[in-house]
Amino acid sequence: MNIPAELRYTQSHEWVRLNDDGSITVGITDHAQEQLGDLVFVETPEVDAEVSAQDAVAVVESVKAASDIYAPVTGSIAEANGALADEPELVNTDPYNNGWLFQMQPSDGTEIEQLLDAEAYESFIGSES
Amino acid sequence: MAQRTPLYQSHIDAGGKLVDFSGWQLPIHYGSLITEHQAVRENVGMFDVSHMTIIDIHGAGAKPWLQQLLSNDVSKLVNNGDALYSCMLNNDGGIIDDLIAYLIEPSRYRLVVNAATREKDLKWITEQAAGVDINIEEKSELAMIAVQGPASHKALETALTAFRPDGAALAWQKISALSRYQACEVNGLFIAATGYTGEEGYEIALAADLAETMWSCLTNAGVQPCGLGARDTLRLEAGMSLYGNDMDETTTPYNSALGWSVAWQPEERAFNGRNALAGEYKNGAKQKLCGFVLDEKGVLRSGQLLYQGDRQVGAITSGTYSPTLKKSIAFGRIDSDHEGDCEVQIRRNRLPVRMTRRVFVRNGNPL
């Protein structure tokens with residue numbers, strides 16, 4: 001199970017990377033992609049949309065089921081990963097890099113600090129199973 | 001606590017991700033549903049279908065009783081081992097379950113029914129048998145393995161030789177002679193040339209304590225273990241309905257694309273639901289079950305609504321992503337007077353869908 005130490009995590013299995021310009025990049029964790037199985041469709045959020053933390057903003061669909069992806073913090077959607085339209089399987093094969101889902105500009109730069117760190121996320125998924 | 005099939009440990013050993021399915025712990029996949037799907041389309045895969053309910057019916061009254069119980073006519077079963085798809089209807093023509101009936105020998109039949117409907121099926125069957133000269137025997141001691149795909153024949157031959165070297169040649173002679181929808185009993189195995197994938201293949205019922213050995217012989221013969229996920233995508237591509245999704249007690253064979261399985265001849269055969277269905281047989285049903293293809297990106301799912309303009313014309317009953325067509329396919333129940341394409345509501349979007357025949361893939365090829 002790959003849980004990069006430098007990222008933050010949510011209990012709904014998104015990962016969050018803080019970029020140099022204060023924006024964040026969001027994807028789903030290795031654990032999440034493994035649970036979902038082969039992804040066949042990703043609906044990314046509309047750029048510039050204003051969203052609140054825990055809003056359902058994107059959908060990933062595996063062969064079997066559709067799952068909502070939630071905004072980890074409040075802010076605006078800055079970018080969506082267009083490559084996933086044709087290659088949704090990037091989320092399976094490279095969840096922390098090319099399989100990113102969207103970028104956000106947080107309204108409050110400190111909100112990210114309330115998310116789980118790698119160690120806390122690891123014990124969270126341990127307690128879930 | 002969900003029940004375990006005799007192959008539980010084999011699934012764990014093969015890396016299966018187990019889920020609760022109708023009260024049974026069964027693998028949804030062993031790593032990749034799409035890999036498993038493709039193995040069945042291009043080579044050979046196997047499924048643990050031990051959760052399915054096997055019911056043997058025997059006694060002098062078995063045949064006329066089944067002729068009343070089932071919408072299809074077991075008098076079509078002529079030779080030992082012949083098999084028949086049928087619905088089991090209530091008196092309103094609603095579908096209690098769909099099943100396969102086998103003639104094992106004169107006055108002895110085998111029904112294979114769904115796991116999810118086991119209790120209500122047994123209740124109905126027991127009620128219907130009151131005062132009739134038959135024995136009803138649930139064969140819960142049997143496991144069942146489905147081996148499916150264009151290479152299933154060769155893989156089964158290899159596996160059987162390893163499974164029981166003596167007598168394998170004779171067994172193989174009998175199995176090789178099977179036509180589609182025929183079964184035989186050899187060396188304690190009940191082997192039927194049937195399946196739920198649209199490919200050639202076999203369904204093997206055998207004693208529970210032999211199941212792990214057979215599974216490992218099949219694994220050694222190169223057969224890919226496949227989970228419930230691939231079972232669903234394969235059956236949908238093959239145009240095969242799933243009880244509980246595409247039919248149930250509120251639907252009839254005529255609005256479920258199963259009218260072909262209702263035998264109206266001979267006229268004196270008074271099967272359950274016959275009177276209730278006569279109108280639909282003569283005039284057609286108000287709704288029909290059709291195939292749908294979504295050419296745009298997205299996945300059709302059960303429960304999504306179908307529209308023509310502002311008019312809701314139907315709903316999706318089963319939908320998935322088709323690994324063979326690389327787009328989403330579905331069955332949907334739609335008003336019979338509706339022809340042509342329509343739109344599906346997926347979350348906040350309406351997307352065009354094409355209405356098609358229900359069989360999307362046969363013998364590995366898109367239709």
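Given the options B:Asp13, B:Asp20, name the one that is more than 23 Å from B:Gly149 (Cβ to Cβ), acidic (Asp, Glu) and either in contact with a strand residue (DSSP E or B) (Cβ under 8 Å, 6 or more places away or on another chain) or surrounded by fewer than 20 Cβ atoms within 10 Å (Cβ to Cβ) (or both).
Details: B:Asp13 fails: more than 23 Å from B:Gly149 (Cβ to Cβ).
Sole residue among the options that is more than 23 Å from B:Gly149 (Cβ to Cβ), acidic (Asp, Glu) and either in contact with a strand residue (DSSP E or B) (Cβ under 8 Å, 6 or more places away or on another chain) or surrounded by fewer than 20 Cβ atoms within 10 Å (Cβ to Cβ) (or both): B:Asp20.
Out of segment B:297-307, which residues are farther than 14 Å from B:Glu237 by Cα, more than 10 Å from every other protein chain (Cβ to nearest Cβ) and touching a residue at least 40 places away in the same chain (Cβ under 8 Å)?
Once the filter is applied, which keeps residues that are farther than 14 Å from B:Glu237 by Cα, more than 10 Å from every other protein chain (Cβ to nearest Cβ) and touching a residue at least 40 places away in the same chain (Cβ under 8 Å), segment B:297-307 yields B:Ser302, B:Gln304, B:Leu305, B:Leu306, B:Tyr307.
Just give me the residues in segment A:25-52 being in a helix (DSSP H, G or I) and closer than 28 Å to B:Leu294 by Cα, in sequence order.
Residues of segment A:25-52 in a helix (DSSP H, G or I): A:30-36.
Of everything in segment A:25-52, those that are in a helix (DSSP H, G or I) and closer than 28 Å to B:Leu294 by Cα turn out to be A:Ala32, A:Gln33, A:Glu34, A:Gln35, A:Leu36.
Only one of these conditions is not met by A:Tyr121: (1) part of a loop (DSSP other than H, G, I, E, B); (2) buried (at least 21 other Cβ atoms within 10 Å of the Cβ). Which number is it?
Failing condition for A:Tyr121: (1).
In the list A:Ala78, A:Ala85, which residue meets the criterion of being of a type outside the set (D, E, K, R) and either closer than 23 Å to B:Glu296 by Cβ or within 14 Å of chain B (Cβ to nearest Cβ) (or both)?
Numbers: A:Ala78 fails: either closer than 23 Å to B:Glu296 by Cβ or within 14 Å of chain B (Cβ to nearest Cβ) (or both).
Testing whether each residue is of a type outside the set (D, E, K, R) and either closer than 23 Å to B:Glu296 by Cβ or within 14 Å of chain B (Cβ to nearest Cβ) (or both) leaves just A:Ala85.
Would you mind telling me which numbered condition in (1) within 14 Å of chain A (Cβ to nearest Cβ); (2) buried (at least 22 other Cβ atoms within 10 Å of the Cβ); (3) closer than 17 Å to B:Gly198 by Cα B:Leu325 fails?
Failing condition for B:Leu325: (2).
Can you confirm whether B:Gly340 is in contact with a helix residue (DSSP H, G or I) (Cβ under 8 Å, 6 or more places away or on another chain) and exposed (fewer than 15 other Cβ atoms within 10 Å of the Cβ)?
Numbers: in contact with a helix residue (DSSP H, G or I) (Cβ under 8 Å, 6 or more places away or on another chain): no; exposed (fewer than 15 other Cβ atoms within 10 Å of the Cβ): yes.
No.
Scan segment B:287-303 for residues that are over 18 Å from B:Gly340 (Cβ atoms), surrounded by fewer than 22 Cβ atoms within 10 Å (Cβ to Cβ) and modelled with pLDDT of 95 or more and report the count. Show your work before the answer.
Of all residues in segment B:287-303, those over 18 Å from B:Gly340 (Cβ atoms) come to B:297-299, B:301-303.
Checking the rest, the ones that are also surrounded by fewer than 22 Cβ atoms within 10 Å (Cβ to Cβ) come to B:297, B:301-303.
Narrowing further to those that are modelled with pLDDT of 95 or more: B:301-303.
Final tally of qualifying residues: 3.
Every residue in segment B:228-272 that is touching a helix residue (DSSP H, G or I) at 6+ places or on another chain (Cβ under 7 Å), within 14 Å of chain A (Cβ to nearest Cβ) and not in a loop (DSSP other than H, G, I, E, B), please.
B:Gly229, B:Ala230, B:Thr233, B:Leu234
Give the residues of segment B:78-106 that are surrounded by fewer than 21 Cβ atoms within 10 Å (Cβ to Cβ) and over 20 Å from B:Ile175 (Cβ atoms), sorted by residue number.
Residues satisfying the conditions are B:Tyr85, B:Asn90, B:Asn91, B:Asp92, B:Gly94, B:Pro106.
Out of curiosity, is B:Arg301 in a strand (DSSP E or B) and over 22 Å from B:Gly195 (Cβ atoms)?
Numbers: in a strand (DSSP E or B): no; over 22 Å from B:Gly195 (Cβ atoms): yes.
Considered against the rule, which asks whether it is in a strand (DSSP E or B) and over 22 Å from B:Gly195 (Cβ atoms), B:Arg301 comes out as no.
Are any residues in segment B:112-136 more than 21 Å from B:Trp24 (Cα to Cα) and of a type outside the set (S, T, N, Q), and if so, which ones? Break it down stepwise before answering.
Initial filter on segment B:112-136 (more than 21 Å from B:Trp24 (Cα to Cα)): B:124-136.
Residues satisfying the conditions are B:Trp124, B:Ile125, B:Glu127, B:Ala129, B:Ala130, B:Gly131, B:Val132, B:Asp133, B:Ile134, B:Ile136.
Scan segment A:94-112 residue by residue and report those that are outside any strand (DSSP E or B) and touching a residue at least 60 places away in the same chain (Cβ under 8 Å).
The first filter runs over segment A:94-112 and keeps only residues outside any strand (DSSP E or B), leaving A:94-101, A:107-112.
Result: A:Pro95, A:Tyr96, A:Gly99, A:Trp100, A:Leu101, A:Gly109, A:Ile112.
Kindly indicate which of B:Gly131, B:Gly167, B:Gly149 is at positive phi and crowded, with 17+ Cβ neighbours inside 10 Å.
Values: B:Gly131 fails: crowded, with 17+ Cβ neighbours inside 10 Å; B:Gly167 fails: crowded, with 17+ Cβ neighbours inside 10 Å.
None of the other options fit; the residue is B:Gly149.
Report, by residue number, each residue of segment B:27-66 that is in a loop (DSSP other than H, G, I, E, B), within 22 Å of B:Ser140 (Cα to Cα) and either within 14 Å of chain A (Cβ to nearest Cβ) or of a type in the set (Val, Ile, Thr) (or both).
To start, the set of residues in segment B:27-66 that are in a loop (DSSP other than H, G, I, E, B) comprises B:30-32, B:43-44, B:49-52, B:59-61.
With within 22 Å of B:Ser140 (Cα to Cα) added as a condition, the list becomes B:49-52, B:59.
The one that is in a loop (DSSP other than H, G, I, E, B), within 22 Å of B:Ser140 (Cα to Cα) and either within 14 Å of chain A (Cβ to nearest Cβ) or of a type in the set (Val, Ile, Thr) (or both): B:Val49.
Among residues belonging to segment B:328-367 that are of a type in the set (D, E, K, R) and assigned to a loop (DSSP other than H, G, I, E, B), point out the one that is farthest from B:Glu296 (Cα to Cα).
Kept after step one, since they are of a type in the set (D, E, K, R), are these residues of segment B:328-367: B:333, B:335, B:337, B:339, B:341, B:343, B:347-348, B:350, B:354, B:357-358, B:362.
Filter once more, keeping what is assigned to a loop (DSSP other than H, G, I, E, B): B:337, B:339, B:341, B:347-348, B:357-358.
Numbers: B:Asp337: 25, B:Glu339: 20, B:Asp341: 14, B:Arg347: 14, B:Arg348: 15, B:Arg357: 19, B:Arg358: 19 Å.
Taking the candidates together, the pick is B:Asp337.
List pairs: first in segment B:109-127 and within 17 Å of B:Tyr85 (Cα to Cα), second of a type in the set (Asp, Glu), Cβ under 6 Å, 6+ apart or cross-chain?
Close Cβ pairs satisfying both conditions: B:Arg110/B:Asp56; B:Val113/B:Asp97; B:Val113/B:Asp121; B:Asn114/B:Asp97; B:Thr117/B:Asp97; B:Asp121/B:Asp97.
Out of the residues in segment A:56-82 that are in contact with a helix residue (DSSP H, G or I) (Cβ under 9 Å, 6 or more places away or on another chain) and part of a loop (DSSP other than H, G, I, E, B), which is nearest to A:Asn92 (Cα to Cα)?
Within segment A:56-82, the match that is nearest to A:Asn92 (Cα to Cα) is A:Val63.
The values are calculated or read from the model by the stated rules, or taken from the named source; none is laboratory data. Since this is a predicted model, take the numbers as computed values, not measurements. Every residue, glycine as well, gets a Cβ built from its backbone with ideal geometry; the counts of neighbours run over all protein chains shown.
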